[in-house]
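Note sheet for the following structure.
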Amino acid sequence: MASGGARMRSGPAPDPGSFRSGAKDWVTLPAEGFTGTAPDFPLPSALGAEMDLWAELWRKPQAVMWDKLGMKYQIAAYVRAFLESVEAGAVSGLKTAVLRMEGELGLSLPGMTSFHWKFSEDEVATRRPAPKVASSARSRLKAVSGE
C-alpha cells in the first residue's frame, strides 16, 4: 500500500518545506505566469468566449507545465466543457466533470498539490516591512494634517 493511507488524499497534505514530503520534488511555477505564446485553439469552430478563456488560461503559471507536457487538447476540452457547464440548464454531471478536470489540470489547489506544483514567492514583497498603522484616531489625524 502507498504511504499516506488507504485512500487517495487521506492523511495530511504534502508540505513543500518538509523533507518527508519530498521537498526536492516540487516544481516551482513562475509567479508572472506563462510568458510563451499560447498554442492555437485545436478544436473546430471555436467561439469568441472560448478564445477569451483560452487566452486567459495560457497566461497562468500552470501553463508552463501544460506547454512542457503538450496538453493543449486537454486545456481546450476544459475550456469547452467549462463554458457549457456555466450555461443555464447545464446538467450537474458536466459541472462535476469540470471540477474534476480542474484538479487534473492543476487549476485547483488540490490539483496543484497532487502534482507538487507551487507558485514562486515574491521575495521583495516578503522582505518589505509591513506598513505602520496608527493606533488612535488622533495619531491618524496628525498624519493627515502633517503635524
*Extreme residue, modelled with the lowest pLDDT, among residues of the stretch 30-62 that are among the aromatic types (Phe, Trp, Tyr) and part of a loop (DSSP other than H, G, I, E, B)*: 34
*residue 82 fails exactly one of the following numbered conditions: (1) modelled with pLDDT of 95 or more; (2) outside any helix (DSSP H, G or I). What is the number of that condition?*
(2)
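Sort through 72, 68 and tell me the only one that's closer than 26 Å to residue 120 by Cα, crowded, with 16+ Cβ neighbours inside 10 Å and basic (Lys, Arg). Give the steps one after another, and end with the answer.
Working: 68 fails: crowded, with 16+ Cβ neighbours inside 10 Å.
Exactly one of 72, 68 is closer than 26 Å to residue 120 by Cα, crowded, with 16+ Cβ neighbours inside 10 Å and basic (Lys, Arg), namely 72.
Of the residues 121, 102, 87, which is part of a helix (DSSP H, G or I) and charged (D, E, K, R)?
Working: 121 fails: part of a helix (DSSP H, G or I); 87 fails: part of a helix (DSSP H, G or I).
Matching residue, one of 121, 102, 87: 102.
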*Residue in the stretch 44-97 that is nearest to residue 115 (Cα to Cα), counting only those that are among the small types (Gly, Ala, Ser) and in contact (Cβ under 8 Å) with a residue 12 or more places away in the chain*: 63
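Residue-by-condition table, conditions (1) at pLDDT 95 or above; (2) part of a loop (DSSP other than H, G, I, E, B):
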| site | (1), (2) |
| --- | --- |
| 78 | yes, no |
| 113 | no, no |
| 131 | no, yes |
| 142 | no, no |
*Would you call residue 90 over 15 Å from the mean Cα position of the chain (by Cα) and modelled with pLDDT of 95 or more?*
no
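The values are calculated or read from the model by the stated rules, or taken from the named source; none is laboratory data. Because the structure is predicted, anything quoted here is derived from the model rather than measured. Because the Cβ atoms are built from the backbone with ideal geometry, glycine has one as well, and the counts that use them run over all protein chains shown.
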